[in-house]
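Taking it in order: structure first as structure tokens, then the write-up.
Every read-out reported here was derived from the displayed coordinates using simple, explicitly stated rules and does not represent laboratory data. What you see is a predicted model; the values in this text were computed from it and never measured. We place every Cβ from the backbone using ideal geometry, glycine too, and count neighbours over all the protein chains shown.
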Amino acid sequence: MASHSVSEMLPVSLLYKQGELRPSRLPPIPGASSAHNHRISLHRGDITKLSVDAIVNAANSSLLGGGGVDGAIHRAAGPELRQECQTLGGCRTGSAKITGAYQLPCKKVIHAVGPIYNQQDPAGSEAYLRSCYDTSLRIAVENNLETIAFSAISTGVYGYPSMDAAHIACDTVRKFLDSDAGATLQTIVFVTFERKDVDAYRIIIPRHFTPATDGA
Ligand code: ADP
């Protein structure tokens, strides 16, 4: 299957104009704005097909591959990805490391290790998940990467509730784009795969990235 370029992924501003995203009926989250609507995209599909600067993998702490999106990324990248990952000495939960992308159409892969959701300690899980997004964004900026696509970290076998995870993803990205550190980032794509995450982002995005007064 052909790869998808950033220009094919519609920004939130256009999704509002086309009626594919609707304003939330719930009150906006404090700090919500329309300032970044042209820099945020929502895409449903296989992250391995995206020709962005970096894709963010939902890896495990070994960084040696696994199931879900991690397995798909390693299969599509080819065996050299595992060889490079073997040199990295793993990665702590809440952190991330960057590698080459080999046979993938993107330039780099950022491997973020999300938390296994802990119902007894939701605040602890949240801190780890926030740190995954924040660290990945910092790594992207440090490596002069301008377009970055996130998988829905931890929402698969790691069991993070989709709505809560989408909120943390949007909140962390919005705050980063609001800060000086985010100035060079052009496009952030939230990639969804399963219906539950598609639905969660359609509800949560408008609470953080509100429509502008001209509807975009
Ligand atoms: P985790 O262990 O962090 O939960 P998973 O890989 O099980 O990681 O799931 C993370 C997210 O990736 C889930 O939302 C899942 O639906 C999604 N996913 C699985 N395969 C792909 C793919 N090829 N492209 C994009 N997202 C995917």
| said: Please report the antiparallel percentage of the DSSP beta bridges confined to the stretch 61-216, to the nearest 5. | reply: 55
| For Glu84, what is the net charge nearby, where nearby means another residue's Cβ is under 15 Å from its Cβ and Lys, Arg count +1, Asp, Glu -1? | +2
| Any idea which of Ile55, Ala165, Ile139 is furthest toward the positive side of the dipole for the chain, if Lys and Arg beta-carbons carry +1 and Asp and Glu beta-carbons -1? | Ala165
| HN-Hα J couplings of the stretch 172-180 from phi, Karplus 6.51/-1.76/1.60, θ = phi - 60°, integer Hz, Gly and Pro as x? | 5, 5, 4, 5, 5, 5, 5, 8, 4
| Full-extension gain in nm, Lys196 to Asp121, via 0.36 nm per residue minus C-alpha separation | 24.7 nm
| request: Post the alpha-carbon centroid distance, the stretch 49-112 to the stretch 151-216, in whole angstrom. | output: 21
| When the dipole is taken about the Cα centre of the chain, and only Lys, Arg (+1) and Asp, Glu (-1) are charged at their Cβ, what size is it in debye, to the nearest 20? | 240
| request: Within the set of other residues whose C-beta is less than 15 Å from the C-beta of Ser7, count the net charge using Lys and Arg as +1 and Asp and Glu as -1. | output: -1
| message | How tilted is helix 68-77 with respect to the longest principal axis of the chain? Cα atoms for both, answer in degrees (0 to 90, nearest 10). | response | 60
| message | 5 Å is the cut-off here: which amide hydrogens, built 1.01 Å from N in the peptide plane, fall below it relative to Thr192, excluding neighbours closer than 5 in sequence? | response | His43, Arg44, Gly45
| task | Kindly state, to the nearest 0.05, the FRET efficiency for Ala2 paired with Ser62, given R0 = 25 Å and r defined as their beta-carbon distance. | result | 0.20
| message | With the crude spin-label approximation of a point 7 Å out along Cα→Cβ, what separation in nm comes out for Arg75 versus Ala212? | response | 4.1
| remark: Taking the chain, the whole-percent share of alpha-carbon pairs separated by over 32 angstrom is 11
| field | lysines whose Cα lies under 28 Å from that of Lys17, excluding same-chain neighbours fewer than 8 positions away | value | Lys49, Lys175, Lys196
| remark: Sorting Gly71, Ala212, Ala183 by the position of each Cα along the dipole of the chain (Lys, Arg +1; Asp, Glu -1; all at Cβ), the one nearest the positive end of that ordering is Ala212
